[in-house]
Amino acid sequence: MDLTVAITGASGTIYAEKTLKLLATSDQVGTINLIMSSVVPTVAQVELGVNLRDPGPESISEWLGLGEGSKKIRFWRLDNFAARPSSGSYRQSGMIIVPCSMGTVGAIASGAGTNLIHRAADVTLKEGRKLVLVPREAPFSDIHLENLLRLSRAGATIVPAAPGFYHRPDSIDELVEHLCFRILDQFGIDHSKHTQWTGKEVPQDEDV
Ligand SMILES: Cc1cc2nc3c(=O)[nH]c(=O)nc-3n(C[C@H](O)[C@H](O)[C@H](O)COP(=O)(O)O)c2cc1C
C-alpha cells in the first residue's frame, strides 16, 4: 500500500521517526509520501538533536539511517500543491499525521488549510480514505477537543500520543514503539505483536 506521512511541529518527532522506520521496512508498504511542516526542523533539533534545516532526501535518509529503505520515501515540499498527495485521483490507502499539532488540527477541522499537509488531509477525508491523527498537547483546551471531535465525526481516527504501560516498557524506545504499533494497526500493517494485549497477566474467565 502507498501512504502519506506528515510530520508537524508538535512535540514527539520521535514518534514520526519510529513510524517511518517501521513503514519503510514493512513488505506491505510501497511508497511513503513524506511532508514536513516548517516547524519540524526546530522541534527535531530540540528533541532529537537532528539537523533538518534543509529537509530533503539526503538529510532525511541520514536522519532515519534506513539505507535501501529510504528509497521508498518520496519527500514533498510543504508549498507544493501539485504534489501527488494533494489530489484525490492519486490512489493511496491513507494518511498519518504524526505528531499532529493543534495548529494543524485546527486548519484541517476548519477546512481552511494553507499548506500541503492540510490539503492532503482534506483530500484524504473527502475521498473517504483513512486519516490517522496523532495529536499532542497538554492540557487540551475546549477548542482543541471540539476540533478533534469534529475531525473524528468527519471520519478521522484519533490516536493520541498517549502510550500505554501495560507492556511494561524498559526504555523510551519501547514506549514510543508501542504507540507506533497502534498507528500501524489502523492500516492492518504487521509488526512484532509483543504489545498486543493477551490478558495472560491477569486471571481470565474460563472459555466455554
Ligand atoms: C519545541 C516545540 C514543541 C512544541 N510542542 C507542541 C505540542 O506538543 N503541541 C502543539 O500543538 N504545538 C506545539 N508546538 C507549537 C507548534 O509548533 C506551533 O503551534 C506551530 O504553529 C504548529 O505548526 P504546524 O502545525 O504547521 O507544524 C511546539 C513548538 C516547539 C518549538
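For the reader, a short list of remarks on this structure follows.
- Lysine pairs in the range 3-185 with Cα atoms under 23 Å, if 8 or more residues apart or on separate chains: 7
- The magnitude of the dipole of the chain, with charges of +1 and -1 set on the Cβ of Lys/Arg and Asp/Glu and taken from the Cα centre, is near 820 debye.
- Extension gain, I172 back to Y90 (0.36 nm per residue minus Cα-Cα distance, nm): 25.9 nm
- Working ranking of peptides 199-206, 177-184, 123-130 by packing, defined as the average number of other Cβ atoms within 10 Å per residue, highest first, is 177-184, 123-130, 199-206.
- Among D27, D207, D2, sorting on how many other beta-carbon atoms sit within 10 Å of each Cβ, with the fewest leading, yields D207, D27, D2.
- Dimensionless Rg ratio for the chain, taking C-alpha atoms and the 2.2 N^0.38 Å reference: 1.02
- Selection from A121, A6, V105, by position along the positive dipole direction of the range 3-185 (Cβ): A121
- Candidates S61, W76, V134 compared by Cα position along the dipole of the chain: farthest toward the positive end lies W76, with charges placed on Cβ.
- Net +/- balance of residues flanking E146 in space, Cβ distance below 15 Å, scoring K and R +1, D and E -1: 0
- Relative to the dominant Cα principal axis of the chain, helix 13-24 is inclined by about 80°.
- Sorted ascending by nearby beta carbons within 10 Å, beginning with the fewest, S141, S101, S11 become S141, S11, S101.
- Euclidean distance of C-alpha centroids, the range 138-208 and the range 1-79, integer Å: 21 Å
- Length gained on full extension, V208 to R77, computed as 0.36 nm times the residue gap minus the Cα-Cα distance: 41.6 nm.
- Placing pseudo-labels 7 Å out from each Cα toward the beta carbon at T198 and M1 gives an inter-label distance of 2.6 nm.
- Stretched out straight at 0.36 nm per residue, the stretch from K21 to T114 would grow longer than its current Cα-Cα span by 30.7 nm.
- Backbone N under 14 Å from the A138 label point (7 Å along Cα→Cβ), restricted to the range 90-132: none
- Charge tally in the Cβ shell below 14 Å around S38, where Lys, Arg are +1 and Asp, Glu are -1, S38 excluded: 0
Quick note: the coordinates plus some simple rules give every number you see, no bench work behind them. These figures come from a predicted structure and were not determined experimentally. Please note: Cβ atoms are built from the backbone with ideal geometry, for glycine as well, and neighbour counts cover all protein chains shown.
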